[in-house]
1. Which of A:Arg87, A:Arg28, A:Arg67 moves most in a GNM of chain A, Cα contacts under 10 Å?
2. Obtain the radius of gyration and the Kirkwood radius of chain A from its C-alpha atoms and give Rg over Rh.
3. Count of lysine pairs in the protein assembly as shown with Cα atoms under 14 Å apart, counting only pairs 8 or more residues apart in sequence or on different chains?
4. Given a 1.4 Å probe, how much area per residue of the protein assembly as shown is accessible, in Å²?
5. Where in the range B:49-107 are there GluC sites (Glu not before Pro) that are in a DSSP coil and have at most 15 other Cβ atoms within 10 angstrom of their Cβ?
6. Please work out the Cα center distance from the range A:147-197 to the range B:63-100, rounded to the nearest Å.
7. Please state, rounded to one decimal and in Å, the Kirkwood hydrodynamic radius that the range B:53-114 gives when every pair of distinct Cα atoms enters the mean of 1/r.
8. Using the Karplus equation 6.51 cos²θ - 1.76 cosθ + 1.60 (θ = phi - 60°), what ³J(HN,Hα) coupling, rounded to whole Hz, does each residue of the range B:102-107 give in order, writing x for Gly and Pro?
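The values are calculated or read from the model by the stated rules, or taken from the named source; none is laboratory data. Because the structure is a prediction, the values reported are computed rather than measured. Virtual Cβ from ideal backbone geometry, glycine too; neighbours counted across all protein chains shown. Note: areas computed on protein heavy atoms with side chains; ligands, DNA, RNA excluded. Shrake-Rupley method; radii C 1.70, N 1.55, O 1.52, S 1.80 Å.
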Amino acid sequence: MSPRNTLIKALALTTVLGLAAGCTPQTRLLPQGGVDQPVTMGLSGSDFAQAASDAVQSMLTSGAVDRTDGKKNIMVVSTVLNDTMQRIDTDQLVKKIRVDLLRSGKVLTTTAIGLNGAEDKMTQAYAELSQSRKVDRSTVVRQRLAAPNMSLSGKIIQRNNRVDGNKQLVEYYFQLTLTDLSNGLAIWEDETPIRKLGSAKGTSW
Amino acid sequence: MQIRIGVLATAALALWGCQTQPQQPTQYPQLQIGPRAQSYLQIEAVQEGYASSNLLRAGVRLYNRSSQEQTLRYRFSWFDANGFELKGMAGRWEQQPLRPAEPVMIDRVAPSPKAVSYRIQLFDPRTPVANSTQGIDG
């Protein structure tokens, strides 16, 4: 191979590599609340934020979490079913609701009681400290766990429908219920629908 | 003389057209309206009260006075007694479609009992982001 051919090949390779690097989309940070947020057919963080925000606003305006005795409600998170075609962690929804309810000063969430045991295992581990010889027992505080008086449960549903042959309508329903544990009655219920229209070629799972 | 008046009028119109600062209607000091949104929004009332006994609640009743459907981008900001902004999902940027002449009520409950004042920002999505401050999202 002549030196000229080698030079041409090297130049061509550099040009191709340069073009490829130049065409690669740049990663950028999306600002919160920006207008150019990408919209996906699947569930995204902004959908969970919308559903959680609607639920908390509805709960607070309904008066369901008001108490006249000056005490705060203690909520336990029951089951939030994912009945969508996507693999999602329902904590994305529940955590936002918990945080906003805590900020409102109306509701505390127990992490010591749950359908699958304590969310924070340390509550139980702490109870065993009083039996340990390694721990100064005078520093161990006697536990008195607060029992919840309300439970949050719900379901996320997805429905896909073909529209006009080449479009599809994907509907998500965030259904939530707050139950008074003293009598088993639902004291608050609401549903947030989120509807997306897009190409039928796109997938929503 | 006529030429001078013409030049002055043109300059005044040009300056008015280039105005991009959000407006604060004097009647409603809690409102901050973007220049584009100003052109089609008609504010009917700003309401406030309390929800859940001690949480500040604010709302604005408005309608779209243009003949086309518009999209409004809005945000409620909440402040404590020291003027610090309070975090929470009630301070998210949200969007609301506005059909012509259809009255709409937008209201939110403050994220915390510490909230003593609020501001409502109403912008058109086409207004550059630099003009509408980025919100905090819980």
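1. Among A:Arg87, A:Arg28, A:Arg67, the largest GNM mean-square fluctuation belongs to A:Arg28.
2. Numbers: Rg = 26.3 Å, Rh = 21.6 Å.
Rounded to two decimals, Rg over Rh is 1.22.
3. On the way: A:Lys71/A:Lys106; A:Lys72/A:Lys106; A:Lys96/B:Lys87; A:Lys106/B:Lys114; A:Lys167/A:Lys196; A:Lys167/A:Lys201; B:Lys87/B:Lys114.
Close lysine pairs found across the protein assembly as shown: 7.
4. Result: 61 Å² per residue.
5. Values: sites: B:Glu69, B:Glu85, B:Glu94; in loops: B:Glu69.
Hits after loop and neighbour filter: B:Glu69.
6. Comparing the Cα centres of the range A:147-197 and the range B:63-100, I get a distance of 24 Å.
7. Values: mean 1/r = 0.0768 Å⁻¹.
Taking every pair of different Cα atoms in the range B:53-114, averaging 1/r and inverting gives 13.0 Å.
8. The phi angles translate into 8, x, 10, 10, 10, 9 Hz.
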